[in-house]
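No value in this document is a laboratory result; all are computed from the given coordinates. All of these numbers come straight from a predicted model, not from anything done at the bench. Ideal geometry is used to build each Cβ from the backbone, glycine not excepted, and the neighbour counts take in all protein chains shown.
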Amino acid sequence: MVGSGAKVLGPIEIGNDVRIAAGAVVLSDIPDHSTAVGVPARVVRRNGAKIVDLDQIHIPDPVAQELCRLEHQLDVLRRQVGRLEGRTQDSQNEEITEEAP
């Protein structure tokens, strides 16, 4: 069954007992006993069972990833500043001891 306004573009194979939703745009083959929806169409059911292709609970959080990257960069910069300050303090201590005699 092909829903109202659905488009099948190109040399596409549509399997037996396939349902294509209204307004869907099919760009790839659809296997037997499937239901396809969307633009572009994707198979959401096969043999009557839902297809879970995306775990929406464990997807990466781009904001958290960027914050982690920035925190790491901040740590690196703090260590570099600490090393530079240590060198500056050592240099100042050497100048003071040289002027003391």
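Backbone phi angles across the stretch 8-14, fed through the Karplus curve with coefficients 6.51, -1.76 and 1.60 (θ = phi - 60°), yield HN-Hα couplings of 10, 9, x, x, 9, 9, 9 Hz in residue order; Gly and Pro are listed as x.
Spacing of the modelled spin labels on ARG45 and ASP32, each 7 Å from Cα toward Cβ, amounts to 1.9 nm.
On the basis of the beta-carbon distance and an R0 of 22 Å, VAL25 and SER4 show a calculated FRET efficiency of 0.95.
When each of the peptides 31-41, 14-24, 65-75 is scored by how many other beta carbons lie within 10 Å of its residues on average, the order from highest to lowest is 31-41, 14-24, 65-75. What FRET efficiency comes out for ARG78 versus HIS58 if R0 is 41 angstrom and r is the Cβ-Cβ distance? Round to the nearest 0.05. After rounding, the FRET efficiency stands at 0.80.
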